[in-house]
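Report on the structure given below.
The values are calculated or read from the model by the stated rules, or taken from the named source; none is laboratory data. A quick note: this is a predicted structure, and the numbers were derived from the prediction, not measured. Don't worry about glycine lacking a Cβ; one is built from the backbone with ideal geometry, like all the others, and counts go over all protein chains shown. Surface areas here come from the heavy atoms of the whole protein model, side chains and all, with no ligands, DNA or RNA. Shrake-Rupley method; radii C 1.70, N 1.55, O 1.52, S 1.80 Å.
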Amino acid sequence: MKKIITLSVLILLTSIATSQIRVGNAVVPYKVTFEGEELTLNGAGVRKVLGVETYSGGLYTVNKYSDDRKVLDADESMAIRLVINSKKVTNKRMVKVFRKGFDDAMFGNTQSLDERIDKFLELFGSSTQINDFFDLVYIKGKGVRTYKNGEEIGYIEGRDFKYALFKIWLGNEPACQLIKGGMLGHNG
């Protein structure tokens with residue numbers, strides 16, 4: 001009996017340590033670690049266009065958040081993971097959507113960030129495929145490290161850049177209201 005209990009506890013701990021969550025067609029981990037800091041999935045959602053899932057997005061944080069302003073204003077490490085769910089999401093479309101997202105997030109006033117935005121958009125020059133994932137990781141007090149499929153592809157400094165980037169999904173006019181609500185743990 002002791003062996004069965006020990007085995008059951010071991011299986012439970014293993015499943016918790018490697019737990020993943022399905023978000024639409026994507027599977028995302030419950031926890032991620034960047035620069036030695038563990039972040040937990042705050043929430044996630046799916047972007048659909050004409051009934052087709054285009055991508056899934058998840059917000060990873062140290063603390064639990066339900067208020068978009070607190071996420072945007074926080075100077076703590078956090079990440080957004082985007083998982084490509086459709087072949088219609090090409091690198092060219094991503095660049096176009098990011099550019100529009102920055103413009104919307106900053107109400108057309110991106111001049112102070114233009115050089116860094118251009119540098120960021122260059123990171124999306126290679127082709128994308130279904131199940132590719134991008135981690136946009138804000139490192140507390142430093143800036144945003146971008147990863148594609150777990151490999152770092154670039155770094156943009158500044159908390160102001162993080163604010164504008166995260167505002168694309170968490171601002172007043174988000175790229176997708178369903179993903180914003182999901183990231184903040186709101187239903188529907």
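Determine how many Å³ per residue the convex hull of the Cα atoms of the range 116-158 encloses.
Values: hull volume 2.6 nm³, N = 43.
Spelled out: Cα convex hull of the range 116-158, divided by residues, is 60 Å³.
Enumerate by residue number the trypsin sites (Lys or Arg not before Pro) in the range 42-118 meeting two conditions: DSSP loop (anything except H, G, I, E, B), and at most 15 other Cβ atoms within 10 Å of the site's Cβ. Show your work: numbers first, answer last.
Working: sites: Arg47, Lys48, Lys64, Arg69, Lys70, Arg81, Lys87, Lys88, Lys92, Arg93, Lys96, Arg99, Lys100, Arg116; in loops: Lys64, Lys87, Lys88.
Of the trypsin sites (Lys or Arg not before Pro), the ones in loops of the range 42-118 whose Cβ has at most 15 other Cβ atoms within 10 Å are Lys64, Lys87, Lys88.
For the chain, the share of accessible area belonging to carbon and sulfur comes to 53 percent (1.4 Å probe, ligands and nucleic acids excluded).
If you run the Gaussian network model on the chain, springs between alpha carbon atoms under 10 Å, then out of Gly141, Gly43, Gly154 the most flexible one is Gly141. What the Cα convex hull of the range 67-128 gives, in volume per residue, is 121 Å³. Entry comment: accessible area of the chain is 55 Å² per residue, from protein heavy atoms only and a probe of 1.4 Å.
If each DSSP helix of 4+ residues adds -39,500 (n - 2.57) and the sum is divided by the residues in the chain, what number results at 222 nm, nearest 500 deg cm²/dmol?
Working: 6 runs with 65 residues, N = 188.
Rounded to the nearest 500, the figure is -10500 deg cm²/dmol.
For a 24 Å ceiling on Cα separation, which of these pairs sit above it: Lys31/Lys119; Lys100/Lys148; Lys87/Lys162; Lys31/Lys96? Don't skip to the answer; put the middle values down first.
Details: Lys31/Lys119 28 Å; Lys100/Lys148 21 Å; Lys87/Lys162 27 Å; Lys31/Lys96 30 Å.
Over 24 Å apart, Cα to Cα: Lys31/Lys119; Lys87/Lys162; Lys31/Lys96.
Loop-resident chymotrypsin sites (Phe, Trp or Tyr not before Pro) (DSSP state other than H, G, I, E or B) in the range 88-188 with no more than 14 further Cβ atoms inside 10 Å of their Cβ: Phe107. With 10 Å bins beginning at zero, the pair-distance distribution over Cα atoms of the chain amounts to 9, 36, 37, 11, 5, 2, 0 %. Largest GNM mean-square fluctuation across Glu157, Glu35, Glu173, computed for the chain with C-alpha springs under 10 Å, falls on Glu35.
Put a plus charge on the Cβ of each Lys and Arg, a minus charge on the Cβ of each Asp and Glu, and nothing anywhere else: the dipole of the chain about its Cα centre is then about 720 debye.
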